[in-house]
Structures are given as C-alpha cells and as structure tokens.
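Following: one structure in structure tokens, then a few remarks.
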Amino acid sequence: SSRFDRNLCFNFLSLHLNEGIDMIVKTKKYKLESGTYIKLAFWGVLKQQWWVAFIVVALCCGYFLIPNIWWFIGTGIALVIYLLFWLIQFAGVTQLEQTKMLFEKLSYEINSQQVLIKLNSKQGMPIKWDQVKRASIGKNHILLSVNKAQLIHLPHKIFNSDNERKFVESILKRKGLV
C-alpha cells in the first residue's frame, strides 16, 4: 500500500511537472463583440495611463496661481478630448480590414509555449508568450494584452472545464504576467 501511494504520488508529480510541455487547452469558438473590445481596451489604457489624473489635478491647481474658472473648463475640455481620442482609436480598430480577424469566431489552443488563435482547422496565428505584455484575470474572463490595440479576451465560458481555466491561469503566473 505504501509503495502504491508513493508511485501514485510520483506519477502525479511527474504529470504536473510535465503538463506545461504536454498539455494543450483547446477552447470552444468565441466571437469578440466590438462593444466588448472597445470597453476592455479603453479601460486597459486608462489603467495603464493612470498618471494622466495627476496632470489633470496639476492643471486645476493653476487656479491657486491665477484664480480663474478657465483652469477647470480648459482642463475639462482637454480631458474630454483625451478620452475621445482613445475611444475613437479603439472604435476605429473594429472597422479596419487588418484587424477583422479579431472579431470573427475563433478558437484557441493554449500551452506553455504559445497561444494559437485558430480561425478554422487550417488557418491560425501563433502568439508566443513573450509577445504578451500583460494579462489580467477578471471575475468571468482572462484578458491577454499583446499591445494597446490587440487583446485576447478569454471568457471562462469558452473553457471546457475549470481545470483548463486554472491551468491557463497557472501558465500566466509562471510567466509573470499576473
């Protein structure tokens, strides 16, 4: 019995040590809606450029140097233009021919070396993990950011099991992305 438990433990450990090499998570097909993309990309840029809030506060502090309501009005206009700039950028990405593939029904094959984005069984695009700049794990999704405009949104519903989702999360932790 003790020998059996030891062998079972060894097999379990070797399976988990090698799963990064052998295991491939194959997801269900998923279509990223343009509204979801715009929202995720916009919030991602705001989180990344949080320091812009300090510029807004600094400009508003100009009121203490020269008391005038135009400090607030001008800063407000600049902030609205800044936010509209990013919204227009991301809305434009959804219309470009080059990024059309991002908004088609795709499936993903994920392992410890790469994320393979598959349009069908013959067409796909590999993305190595070193190309992924950031990742975040939300309540109901995993988000991979390749750059400001290219996102890979993986809702939990596209994984075939919780174990597959947890495996992807463990890859992200090992790669230092979350």
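On the given criteria, is Ile66 of a type in the set (Val, Ile, Thr), more than 27 Å from the chain's Cα centre (by Cα) and at pLDDT below 95?
Criteria met by Ile66.
Please name all residue pairs, on different chains or six or more residues apart, with Cβ atoms under 6 Å, provided the first residue is in the stretch 77-93 and is more than 18 Å from Gln48 (Cα to Cα) and the second residue is modelled with pLDDT of 95 or more and of a type outside the set (Gly, Ala, Ser).
If the second residue must be modelled with pLDDT of 95 or more and of a type outside the set (Gly, Ala, Ser), the pairs left are Ala91/Ile38.
Condition first: more than 30 Å from Leu119 (Cβ to Cβ) and out of contact with any Ser or Thr (no Cβ under 7 Å at 6 or more places or on another chain). Now tell me which residues in the stretch 20-58 satisfy that. Step through it out loud before you land on a result.
If we filter the stretch 20-58 for residues that are more than 30 Å from Leu119 (Cβ to Cβ), which is where we start, we get 46, 49-58.
Once the filter is applied, which keeps residues that are more than 30 Å from Leu119 (Cβ to Cβ) and out of contact with any Ser or Thr (no Cβ under 7 Å at 6 or more places or on another chain), the stretch 20-58 yields Leu46, Gln49, Trp50, Trp51, Val52, Ala53, Phe54, Ile55, Val57, Ala58.
If I ask for residues that are aliphatic (A, V, I, L, M) and open to solvent by 80 Å² or more (accessible area, probe 1.4 Å), which ones from the stretch 81-98 would you list?
Ile81, Leu84, Ile88, Leu96
Identify, by number, the condition in (1) assigned to a helix (DSSP H, G or I); (2) open to solvent by 40 Å² or more (accessible area, probe 1.4 Å) that Val168 doesn't meet.
(2)
Within the stretch 44-54, track down each residue that is assigned to a helix (DSSP H, G or I) and over 11 Å from the mean Cα position of the chain (by Cα).
The answer is Val45, Leu46, Lys47, Gln48, Val52, Ala53, Phe54.
Looking at the stretch 106-145, what strands (runs of 3 or more DSSP E) fall wholly within it and have at least 3 residues that are touching a residue at least 40 places away in the same chain (Cβ under 8 Å)?
Of the strands (runs of 3 or more DSSP E) lying wholly inside the stretch 106-145, those with at least 3 residues that are touching a residue at least 40 places away in the same chain (Cβ under 8 Å) span 134-137.
Does Trp71 count as modelled with pLDDT of 95 or more, at negative phi, open to solvent by less than 40 Å² (accessible area, probe 1.4 Å) and aromatic (Phe, Trp, Tyr)?
no
With the condition kept exactly as written, say whether any residue in the stretch 170-177 is at positive phi, modelled with pLDDT under 95 and not basic (Lys, Arg).
Scanning the stretch 170-177 turns up at least one residue that is at positive phi, modelled with pLDDT under 95 and not basic (Lys, Arg).
Hey, could you check the stretch 125-165 for residues that are loosely packed, with under 14 Cβ neighbours inside 10 Å and in contact with a Ser or Thr (Cβ under 8 Å, 6 or more places away or on another chain) and say which is farthest from Gly35 (Cα to Cα)?
Going through the qualifying residues, I end up with Asn160.
The values are calculated or read from the model by the stated rules, or taken from the named source; none is laboratory data. Note that the coordinates shown come from a computational prediction; the quantities given were computed from them, not determined experimentally. Cβ: placed from backbone, ideal geometry, glycine included. Neighbour counts: every protein chain shown. These area figures cover heavy atoms from the full protein model, side chains too; ligands, DNA and RNA do not enter into them. Shrake-Rupley method; radii C 1.70, N 1.55, O 1.52, S 1.80 Å.
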